[in-house]
1. Translational diffusion coefficient, Stokes-Einstein: compute it for segment 217-257 using the Kirkwood radius over C-alpha pairs as Rh, at 20 °C and 1.002 mPa s, and state it as an integer in µm² s⁻¹.
2. If you place +1 on the Cβ of every Lys and Arg, -1 on the Cβ of every Asp and Glu, and leave all else neutral, what size is the dipole of the chain about its Cα centre, to the nearest 20 Debye?
3. Place +1 on the Cβ of every Lys and Arg and -1 on the Cβ of every Asp and Glu in the chain, take the dipole about the Cα centre, and give the residue among Ala134, Ser177, Ala159 whose Cα lies farthest towards its positive end.
4. Could you list the square roots of 5 times each eigenvalue of the Cα gyration tensor of segment 166-226, that is, the equivalent ellipsoid semi-axes, sorted largest first and rounded to whole Å?
5. Of the heavy-atom accessible surface of segment 169-244 (probe 1.4 angstrom), what whole percent is carbon and sulfur?
6. In deg cm²/dmol, rounded to 500, what helix-only [θ] at 222 nm does the chain give when every DSSP H run of at least 4 residues adds -39500 (n - 2.57) and the total is split over its residues?
7. Which shape class applies to segment 127-194: rounded if a/c is under 1.5, otherwise prolate when a/b exceeds b/c and oblate if not, where a ≥ b ≥ c are the square roots of the Cα gyration tensor eigenvalues?
8. Could you tell me whether segment 67-124 comes out rounded, prolate or oblate from its Cα gyration tensor? Rule is a ≥ b ≥ c as square roots of the eigenvalues, rounded for a/c under 1.5, then prolate if a/b exceeds b/c, otherwise oblate.
Amino acid sequence: MTLAPLLIVPLAALLSAGLIVLLKPLLRRYALARPNARSSHRVPTPQGGGIAIIAAALVTTAVLAVPAGITLEGAELPVLALSVLVLAATGAVDDIRPLPASLRLVIQAGAVAAVVLTAEGRLLPEAPLWLERAFAILAGLWFVNLVNFMDGLDWMTLAEFVPPLAFLFALGLAGRSAPEPTLVAGALLGGLIGFAPFNRPVARLFMGDVGSLPVGLIVAWLLFRLAGEGGLAAALILPLYPLADATLTLLWRLRRGEPVWQAHRSHYYQVATVNGFSVPGVVGAVFAVQAALAALAGATLLWPSLPVTLACLVVAAGLVGWLLRRFAAPRIASA
């Protein structure tokens, strides 16, 4: 193994933090997030820190790809990078001047489709390829949006995705994953770490859609690659908390007849702050659960048998269900 993968996390973290320092005056002037129906903050705060996260991830991946032994002959990584840039640009515009939801959805669908159609690996080799790809595109589109929906609290995105990214990076360093997802996971992990000091409660900077949308796409691609390499159960377990919170909240709002396209603060992690949890308490609990899910995902790869896989899935679902219930006990009691 070369030293390149070991360098990518600190390099991406330093680049991300440095870019934030340089860009923050501009973000404060042109990308100020004012409180709305979805917000957990009460004072205008600059957003757009995701520019630094994504730039750091892309630059370090490009610089270290060849030293890490990655050939750029195929279309997978270039298409991923281009799709990430498209979503970042869309998010940047939306952060400054909101775009119509229909236009955002079309752009997101195109970006997700491009990534899925060029990604290596199969989720279900016995299923027709067209059906698998169609399902993957729909799942990827939902995942991109749920990451955006779940970015509503200081440090929340970090709590959700630092543990799975660290797991995927360690998996690659151990030789259990291909060089491409290993390097990308390390680059995004470093970008998020560099952003962390500026987003700690009470945040001085938000990620914004310019960061949450492409972060969702990159993580979705990483999970697709993991599933395609035989880790389908692990790919389901790793993002289980944000997946469950966003999906159950959507179903809850549909049941109540609420317009699901409008901004709101009814996610379980948001309700938790109303129910007396502190922001550090919420994100700390989510981080701990996500770390436990990473350990369960690892168990499914270390002992790839049906009993172990089923047991890990059941424990993961129970753990996430316990946390959701703890966050939203008053809402459940009144249902």
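1. 190
2. Values: 21 positive and 15 negative charges, 252 e Å.
Dipole about the Cα centre, nearest 20: 1200 debye.
3. Ala159
4. 25, 13, 7
5. Carbon-and-sulfur percentage of accessible area, whole number: 65.
6. So the helix-based figure for the chain works out to -24000 deg cm²/dmol.
7. Oblate is the answer for segment 127-194, as a/c is 1.5 or above yet b/c matches or exceeds a/b.
8. Details: a/c = 3.89, a/b = 1.80, b/c = 2.16.
Here segment 67-124 falls in the oblate category.
The values are calculated or read from the model by the stated rules, or taken from the named source; none is laboratory data. A quick note: this is a predicted structure, and the numbers were derived from the prediction, not measured. All Cβ positions, glycine included, derive from the backbone under ideal geometry; neighbour counts span all protein chains shown. Accessible surface is based on the protein model in full, side chains and every heavy atom, while ligands, DNA and RNA are left aside. Shrake-Rupley method; radii C 1.70, N 1.55, O 1.52, S 1.80 Å.
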